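Shown next, in structure tokens, is the structure this report addresses.
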């Protein structure tokens, strides 16, 4: 399933050493996205608001930290698990307090569509495209 992630519209970003924690919206749902800070086109690990309650359970948090290391290409060490657990656990309050996704920004009118029946105008609307950010195909990322 395609996932839309526009980092230009991020609510907040924090740097944690070689990891970035970006508070943004994934398909209009609040999400905490973990990305390697120095590797372009690297995989990302997502914690969506709908799954945030699960991370209150220490065993779920531990399991997801192991998965996050795998997804982010980090050494699966206890040190990295604790580091990711801390980033997620400390970020949950900010995730829950984030505002809803911003209203999509649309560009100028590109034209007009008219619906006519026997020459009579029934409906018409402008053609406008939403200004897009980055769009990625998700390949086996987190359960977010």
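The values are calculated or read from the model by the stated rules, or taken from the named source; none is laboratory data. Not measured: the values here are computed from a predicted model. Heads up, the Cβs are rebuilt from the backbone with ideal geometry, glycines too, and the neighbour counts pull from every protein chain shown.
Is there a residue being part of a loop (DSSP other than H, G, I, E, B) and free of Cβ contacts under 8 Å to residues at least 40 places away in the same chain anywhere in region 78-98?
no
Find the strands (runs of 3 or more DSSP E) located wholly in region 6-59 whose residues include 1 or more that are without any contact (Cβ under 8 Å) to a residue 24 or more places away in the chain and closer than 12 Å to residue 95 by Cα, and list them.
By residue number, 12-16, 19-26.
Tally time: how many residues in region 101-125 are over 30 Å from residue 29 (Cβ atoms) and either surrounded by 10 or more Cβ atoms within 10 Å (Cβ to Cβ) or in contact (Cβ under 8 Å) with a residue 40 or more places away in the chain (or both)?
Within region 101-125, residues that are over 30 Å from residue 29 (Cβ atoms) and either surrounded by 10 or more Cβ atoms within 10 Å (Cβ to Cβ) or in contact (Cβ under 8 Å) with a residue 40 or more places away in the chain (or both) number 3.
With the condition kept exactly as written, say whether any residue in region 70-84 is in contact with a helix residue (DSSP H, G or I) (Cβ under 6 Å, 6 or more places away or on another chain) and closer than 16 Å to residue 14 by Cβ.
Taking every residue of region 70-84 in turn, at least one turns out to be in contact with a helix residue (DSSP H, G or I) (Cβ under 6 Å, 6 or more places away or on another chain) and closer than 16 Å to residue 14 by Cβ.
Please specify each residue of region 45-59 satisfying the condition of being buried (at least 19 other Cβ atoms within 10 Å of the Cβ) and within 10 Å of the chain's Cα centre (by Cα).
Within region 45-59, 45, 46, 47 qualify.
Could you count how many residues in region 30-40 are modelled with pLDDT of 90 or more and surrounded by fewer than 15 Cβ atoms within 10 Å (Cβ to Cβ)?
Looking only at region 30-40, we keep the residues that are modelled with pLDDT of 90 or more, and these are 30-36.
After this cut, where a residue has to be surrounded by fewer than 15 Cβ atoms within 10 Å (Cβ to Cβ) as well, the list is none.
Qualifying residue count for the region: 0.
Determine whether residue 88 is modelled with pLDDT of 90 or more and within 21 Å of residue 21 (Cα to Cα).
Criteria met by residue 88.
With respect to residue 143, is the statement that it is at pLDDT below 90, under 28 Å from residue 9 (Cβ atoms) and out of contact with any strand residue (DSSP E or B) (no Cβ under 8 Å at 6 or more places or on another chain) true?
Numbers: at pLDDT below 90: yes; under 28 Å from residue 9 (Cβ atoms): yes; out of contact with any strand residue (DSSP E or B) (no Cβ under 8 Å at 6 or more places or on another chain): yes.
Answer is yes for this residue.
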